[in-house]
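A short worksheet on the structure shown next.
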Amino acid sequence: MSFDAATKMQFLYALRSKGVTDTNVLTAMEKVDRADYVKGTFADRAYEDMPLPIACGQTISQPSVVGLMTQALQVSARDKVLEIGTGSGYQAAILSKLARRVYTVDRYRRLVHAARAVFEANDITNITTFTADGSHGFAEQAPFDRILLTAAAEDPPGPLLAQLRVGGIMVLPVGQSDAVQSLIRVTRLEHGYDYDELRAVRFVPLLEGLGQE
Ligand code: SAH
């Protein structure tokens, strides 16, 4: 199966029916072939609206959830975005079509290397990848206009709140790892933060330190 016109139409239709209606987001998702980010056994299911297993026991998120999170983040072409949880690199690739620059971090070196190879193969040049515990953010490049977490924290990590620009938006799942979590949007105000609960989601947990692979 390839990301041909008919497959794209079906893929976009499924996204719209789940509430992904932002034209810029849909256009970005049309430009990124999810099969490039799903390897091995599950490659032929890349265009289904399902999370799928990737290396290191992690998952590539469901396309409609990627779309809804991207939409909630309200990315514009001038933005510098930080993503915590590179995983397959799929979400970062979509952000790269909407933002000026994307910094993406994962605690597994192996996932970061694999994602970087796909970005290079697809001539995506505005993503910087690195391996670290992303809950500390990336102070050297702060502040960020947008921050997206694709792993669930119990609370928004303090360093990430601090690295968000005033007027900036952070979207993240919060809650216990084995329960249903809430996707929330945090907006940094001149004084303090505004919190907005979006929907129920399920993500792998945000873990401390580096992974073994
Ligand atoms: N955005 C990914 C899906 C991510 S799955 C995609 O599009 O495919 C969540 C990822 O978060 C996993 O790869 C996991 O290793 C990573 N992760 C968990 N805790 C982390 C932490 N503290 N710092 C960086 N990455 C973390």
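Read-outs throughout are calculated quantities, based only on the coordinates presented, and are distinct from any laboratory measurement. Owing to the predicted nature of the structure, the values given are computational and were not obtained by experimental measurement. Counting neighbours? That spans all protein chains shown, and the Cβs are built from the backbone with ideal geometry, glycine included.
Per-residue ellipticity at 222 nm, computed for the chain from helices alone with -39500 (n - 2.57) per DSSP H run of at least four residues, works out to -8500 deg cm²/dmol. Per-residue packing, averaged as other Cβ atoms within 10 Å, sorts the ranges 69-77, 175-183 into the order 69-77, 175-183, beginning with the highest. For segment 149-203, relative contact order (Cα pairs under 8 Å, six or more residues apart, normalised by length) works out to 34 percent.
Computed from backbone phi, the HN-Hα couplings of segment 181-197 come to 10, 10, 7, 10, 10, 10, 10, 7, 9, 3, 10, x, 9, 10, 10, 9, 8 Hz, rounded to whole numbers (Karplus: 6.51 cos²θ - 1.76 cosθ + 1.60, θ = phi - 60°; Gly and Pro given as x). Taken one residue at a time, the phi angles of segment 146-155 give Karplus couplings (6.51, -1.76, 1.60, θ = phi - 60°) of 9, 10, 10, 9, 10, 9, 8, 9, 6, 9 Hz. Gly and Pro are set to x. Each label point was placed 7 Å from the Cα along the Cα-to-Cβ direction; for Val166 and Lys18 their separation is 3.8 nm.
Both radii come from the Cα set of the chain: Rg as radius of gyration, Rh as Kirkwood radius; their ratio Rg/Rh reads 0.93. Judged by the mean number of other Cβ atoms found within 10 Å, the most tightly packed of the peptides 144-156, 84-96, 108-120 leads the ranking 84-96, 144-156, 108-120.
Using C-alpha pairs below 8 Å separated by at least 6 residues, the relative contact order for the chain is 16 percent.
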